[in-house]
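Working notes, structure below.
The values are calculated or read from the model by the stated rules, or taken from the named source; none is laboratory data. Bear in mind the structure is a predicted one, so any value in this text is a computation, not a measurement. Positions of Cβ are backbone-derived with ideal geometry, glycine not excepted, and every protein chain shown enters the neighbour counts. Note: areas computed on protein heavy atoms with side chains; ligands, DNA, RNA excluded. Shrake-Rupley method; radii C 1.70, N 1.55, O 1.52, S 1.80 Å.
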Amino acid sequence: DDDAVERSNLQRQVVHADADVGVPKAESAKAYVERLNPDVTVEAHETRLDTDNVGSLVDDCDVVVDASDNFRTRYIVNDAARLAAVPVAHGAIYKFEGQATTLVPGGPCYRCLFPEAPEPGEVPDCATTGVLGVLPGVLGTIQATEAVKLLLGAGEPLEGRLLFYDALEMSFETVPYRRNPDCPVCGDDPIDGIDRVEYTGGCGIAN
């Protein structure tokens, strides 16, 4: 994260406190986790994930938990993690709703589910529309559960299943999806790198 803590973050980003306002988020989160459990080693990166650094951040991971808030980052994470054969616990939120899925090597990827991103401005971000303060906690707990299951090799991950959560109705719904053989990242003729991919507009990849 390359951002600093703002007071408007505090109702939903519980690793930060009022005393952390103005502190880099990566630094504040690192301090929180170290206070919670000093046996945990935290490596903070005060930067924005992009095509030029995603490899160094993802390649050696056992699991990636994607809690990003924009489509460009989601596609970069998906593509880099798939090329590195690293599973991803994905989550996204909007107003009173959230969704989660788990992307594992050999299964369908994020592009099988969403071949291209909406055009810029088509889907307003949280800063514009707002989000229920407790919603990130609900989705984050689901993602953490998926990450632990992957690390332990226990249970059935949300592979090929998109979980929808509606906070207003307090309902969960799961929709299945499949690997697309024409997917440019995990299909029958996949790309071999992201260095030439243009992550602009719909973040599509030309065949």
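Summary of values
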quantity	calculated
Flag if Val15 is among the β-branched types (Val, Ile, Thr), closer than 17 Å to Ala147 by Cβ and open to solvent by less than 90 Å² (accessible area, probe 1.4 Å)	yes
Top-ranked residue in the range 150-168 [being open to solvent by 50 Å² or more (accessible area, probe 1.4 Å) and charged (D, E, K, R); ranked as nearest to Cys186 (Cα to Cα)]	Glu159
Hits in the range 50-70 (condition: more than 20 Å from Asp195 (Cβ to Cβ), of a type in the set (A, V, I, L, M) and at pLDDT 95 or above)	Val63, Val65
Count of residues meeting criterion [outside any helix (DSSP H, G or I) and of a type outside the set (Asp, Glu)] in the range 1-50	24
Which listed residue is among the polar types (S, T, N, Q), in contact with a strand residue (DSSP E or B) (Cβ under 8 Å, 6 or more places away or on another chain) and either surrounded by fewer than 17 Cβ atoms within 10 Å (Cβ to Cβ) or without any contact (Cβ under 8 Å) to a residue 12 or more places away in the chain (or both), from Thr141, Thr129	Thr129
Failed item in (1) modelled with pLDDT of 95 or more; (2) charged (D, E, K, R); (3) closer than 22 Å to Asp3 by Cα, with Glu97 passing the rest	(3)
